[in-house]
Amino acid sequence: MSRFKQKYWPPGIRLQVVCWYAAVFTIVLLLAGAASYHYFDNALESSVDTSLHIQARQIAEEITVGNDTIIIHDATGSLSGFNSTQPAEQQVDMNYGALVRLLDIHGQVLRETPASRSLRVPAQSITQPLRGQPWEGTIRMTDGQEVQFYSQALTANGKIFAILQVGQSLASMDALLRQLVALLFIVGSVALLLCAASSYWLTGRAFAPIQQVMRTARRIKAGDLRQRIPLPRAHDEIRALAATLNEMLDSLDQTIARQRRFVADASHELRTPVAVIRNKTSMALLGSQTQQDYATILQEINAETERLGHLVSDLLALARGDEGRAPFEQETLRLDLLVAASVASAKVLAEERGIQLTMCIGEPATVIGDETRLIQVVMNLLDNALYYTNAGGKVEVSVDKARNMARLAVRDTGVGIAPQHLPHIFERFYRADPARQHMAGGGSGLGLAIVEWIVRVHGGTISVDSQVGHGSCFTVLLPLATSAPLQSARDAG
């Protein structure tokens, strides 16, 4: 079976469409040909019947009876040989000779044309007219040829005195029908060939955009993700497909670009602490340091490894979030209490840096989410605000409700963010703000990216409003407990 499948494969869509189109057109042609043949057959038979009726009426007008004697006038002379004296063995062409018989009421032949002597006349053609009903039907000659036959009674003064029978050969009609069949076959064959050729050409034009899609896909497969499928002018399904594929390619290109940038930035961030650790260990291996120097080197190595550990944890969390494998709990939480606990933990750091940290709770706000992740959101925002606020500045945290959302706001009086950098502030490793670059010991640039990811998974949004030299305000909106439940990490990613 596998060999059969390898050797014989189904035809392509284009050929299938052509075959189906040709098959349907063939059925239509057959039905039309059958209908035409049936129509012409009936029309010709009706014409023959009408001709026989007219001929019988004309002949009947030439026949009279008087003194029990039948008289045939034959004014036209069309009934040549219509007598009983011509020899029976005389050969007459039945296709052109008249087929006329005259019988008495006992069924005896009184007169007949030579061509009618080869007819096989059924008894019903005599008995039925004697009962007052004409008879007509198809009979055969002795050689098998068909004849349309008509028989009627002749009456005088309401009394039947004879039976008149006329016939006409169907050979010419059959020949005409055979010619019609041949003509229909020729015309149908030509029409079918034209149909197949035109359908093949039309399907080729219809599938041309698909061929363009395939060519573009091959170029993209070769590594050129900037390629896009040209949109056809017709607003049809192919255009919709091309537009959808272009949107998918844009999204894929952006995703790959982000991944490449993420890998490059991660490599750069990981290289720094590794280089510092290597440098410190190299200094320690020189063996010329004092015990105090060794302690200092070990403290610096410990700080770098701790920073490296945080960086790796953040990278792992974002990677799991991208894959949709990061676990998130769903529990009912008091956001105001959670924020209050986080602010209390951060007050020590704020006092060390000489920053005033305050909190304002408008009204209790209950949300559904992961407590650990939401604490991470609050702490990252607080660390960010405290880090970029100079001594003597202020950081204010507030929690209230806005319609069906819980609102968390973290305001600071720090260095602020330039407008051109605001759209990129939640991108991973983004630290392009010159106002922030001068700050020593800056973070890895993943904190706000993690915050945005966690908020998005919880079905919320985060925004920032900032002015250089006047501080920033980060606002988080989360659905209240009566709103939509927590999204999956995969859907949110």
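Only residues that are surrounded by 14 or more Cβ atoms within 10 Å (Cβ to Cβ) and either of a type in the set (K, R) or in contact with a Gly (Cβ under 9 Å, 6 or more places away or on another chain) (or both) were counted in the stretch 182-206, giving 2.
Quick grid of which residues meet (1) part of a helix (DSSP H, G or I); (2) modelled with pLDDT of 75 or more; (3) under 60 Å from the mean Cα position of the chain (by Cα):
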position	(1), (2), (3)
T272	yes, no, yes
Y294	yes, yes, no
N302	yes, yes, yes
A317	yes, no, yes
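Here I210 meets each of (1) touching a Leu at 6+ places or on another chain (Cβ under 9 Å); (2) of a type in the set (V, I, T); (3) in a strand (DSSP E or B) with one exception, condition (3).
As a summary of the residue check, S488 satisfies the conditions (1) on the phi < 0 side of the Ramachandran plot; (2) at pLDDT 85 or above except for the one numbered (2).
Summed over the stretch 30-64, the residues that are more than 24 Å from E136 (Cβ to Cβ) and of a type in the set (A, V, I, L, M) give a count of 5. Looking at this structure, is A391 free of Cβ contacts under 8 Å to residues at least 40 places away in the same chain and more than 49 Å from the chain's Cα centre (by Cα)? When the stated conditions are applied, A391 passes them.
The values are calculated or read from the model by the stated rules, or taken from the named source; none is laboratory data. Computed from a prediction, not measured in an experiment: that's the story for all the values here. Cβ coordinates were reconstructed from backbone atoms using ideal geometry, including for glycine residues, and neighbour counts include every protein chain displayed.
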